Structures are given as C-alpha cells and as structure tokens.
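Scroll down for the structure; my scribbles are underneath it.
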Amino acid sequence: MNILVVMKQTFDTEERIVIEDGQISEEGVEFVINPYDEYAVEEAIRLRDEHGGEVTVITVGPERAEQALRTAMAMGADKGVIVDDEDLESPDEYSIAKVLAAVIEDLEYDIILGGYMAVDDGSAQVGPRLAELLDIPHISTITKLTVDGDKVEVEKDVEGDVEYLEAKLPILVTAQQGLNDPRYPSLPGIMKAKKKPLERLDLDDLDLDEDELEGKTETLEIFLPPEKEAGKILEGELNEQAQELVQLLRNEAKVI
C-alpha cells in the first residue's frame, strides 16, 4: 500500500501561551507533532506492516517543522515531504489544503490519514477540504480502521456513540483519540530517521500562484480567557443560599 500522512507541527500542549503585540509568541517554545496526527502516523505504520508498502509523511510549514517529520520517521515512517510556507500570505485551512493537494496529485496513494484537527487552531477543516480537492471519499474522527483489499471498514466517533461505515480505496480518513496508542521513537529509530529521504519543496516547485493561496479568513484579535476568580461558598439556610445564588447569577455572572 502507498500510505500518506498529512501532519502539522504544533505547540507542545504543556506550553504556556504568551501573547505579544497581538500575536502568540514562539520564543522558547517547544514544538511537537500535533497529537491527533500522532494517531494517524501510528495507524499508517501499522497498515504498512500488515499490508506492505511505504508511509510518506507530508507537512506544510517553516524550516523547524522538519523536526516533526523526522520524529514521524523515527516512529517508522519511510520518507517525508516538507513544503516551505514562507511565501504564503496569511495562510489558513484553505491555503494549506490547496498546497497539500498540489503535492499529493503527483504521488501514488491508496489511503491518506491525518489527525481530525490541530490543537492550535482546532478547525478540523484541512482533511475534508483536501479530500474534496482530490475528489476522494472522506471519513472523519475514526476510532478503528480495517482494510481488506480495496474495502475499508471504520468505526467513527459521533459524540459518545459509534457509527459503523464501509467505503473503498482510495480514501482519506482523520484520526480521533482512541484509534491506537502511538509508539515512542526508539533510539535506533531516531538514528535511522536521520538517513531517511526528506524532500524539500517550495511553492515554485508546485507551480502554484501565491495570489490564489491567500487565506480566506482573517484573525481580528487574539486574547487569553479571563483568569478564574476564587469561588464562593454560600452559607446559611437553604432558601437563603438559593436566593443569594440567584442574585449572584443575575448581578455578577449575568447569566440570567
């Protein structure tokens, strides 16, 4: 099987978010593979080990995003492709999907995997947009995947319940937590990853017009949520507590 994984490098979820001059500061920040993309990488490796073939991991991002690809290859992916986003003007999900489609159109693939969303923007749009551009089926938030010949069976998370679906290859699926337990890169895997092929591309290599890739969304403001205030403990008779609670909800919280 020819298996592709589209992935993104994101903030480590343990990092403290700092906003400077209206932008999120990247100074001193550790970046990692988007956690949902880790499930996609792990599932791709398992498919490759079961059916044969190779796993190619693809990302769009700055030079530092190469480290995410190296980590995926240390986990077991066979090769990587990175597209430099330096020339992208205010890229969003529309832009990234267009670039990924341009890369993938020149590749042979049976199945494409990705995380169902990125933890930094949470839009969950790139996978469906990419499938639409490639004109292939798409199933999101999968928690189980079985491939038999060209037949695909999945279990899909639907907010606390499970939906069972069948489809055929080629297909794009996005991974939800619970699909698998991603492995940690081993020391031999890390050493091997340094020698695995990594292709570096820019927009000129893909024959894409920068003007057509400008983002369709605009960020108006970035701000942190208000700090939580200390809670209040109501005392006294039950009816007095109820009356005080109503007053607090109406006058302070302003929710009623």
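The values are calculated or read from the model by the stated rules, or taken from the named source; none is laboratory data. Quantities reported herein were computed from a predicted structural model and do not represent experimental measurements. All Cβ positions, glycine included, derive from the backbone under ideal geometry; neighbour counts span all protein chains shown. When the accessible area is computed, the model is the full protein with side chains, heavy atoms only, and any ligands, DNA or RNA have been set aside. Shrake-Rupley method; radii C 1.70, N 1.55, O 1.52, S 1.80 Å.
Counting only DSSP H runs of at least 4 residues, each contributing -39500 (n - 2.57), and dividing by the residue count of the chain, the helix-based mean residue ellipticity at 222 nm comes to -8500 deg cm²/dmol. Sorted largest first by accessible area at a 1.4 angstrom probe radius, with every protein chain in place, the residues THR56, THR217 fall in the order THR217, THR56. The C-alpha atoms of the chain define a longest principal axis, and helix 66-75 lies at about 80 degrees to it. Here are a few candidate values for volume of the Cα convex hull per residue in Å³: (1) 113; (2) 216; (3) 186. Which one was actually calculated from the structure I just gave you? Here the calculated entry is (3).
Cross-link partners among lysines for LYS192, C-alpha distance below 22 Å, same-chain residues fewer than 8 apart left out? Within the straight-line limit of under 22 Å, LYS192 reaches these lysines: LYS8, LYS79. By a straight-distance test (C-alpha under 19 Å), which aspartates and glutamates pair with LYS216 as possible cross-link partners, with residues fewer than eight away in the same chain excluded? Excluding near neighbours in sequence, the set is ASP85, GLU86, ASP87, GLU89, ASP92, GLU93, ASP120, ASP121, GLU132.
With every protein chain in place and a 1.4 angstrom probe, the accessible-area ranking of GLU155, GLU105, GLU229, GLU30, largest first, reads GLU229, GLU105, GLU30, GLU155. For the stretch 129-196, applying the loop criterion from DSSP together with a ceiling of 12 other beta carbons within 10 Å to the trypsin sites (Lys or Arg not before Pro) yields LYS194, LYS195. Relative contact order of the stretch 61-213, please, whole-number percent, based on alpha carbon pairs below 8 angstrom and at least 6 residues apart. Relative contact order comes out at 34 percent. How far is helix 35-51 tilted off the main Cα axis of the chain, in degrees rounded to 10, range 0 to 90? Taking the Cα atoms of the chain, the angle to 35-51 is about 30 degrees.
Around the Cα centre of the chain, unit charges on the Cβ atoms of Lys, Arg, Asp and Glu (plus for the first two, minus for the last two) sum to a dipole of about 1180 debye.
In this simple spin-label approximation, LYS195 and LEU248 carry label points 7 Å from Cα along the Cα→Cβ vector, and these lie 6.5 nm apart. For the residues MET1, MET191, a 1.4 Å probe over the protein chains yields an accessible-area ranking, largest first, of MET191, MET1.
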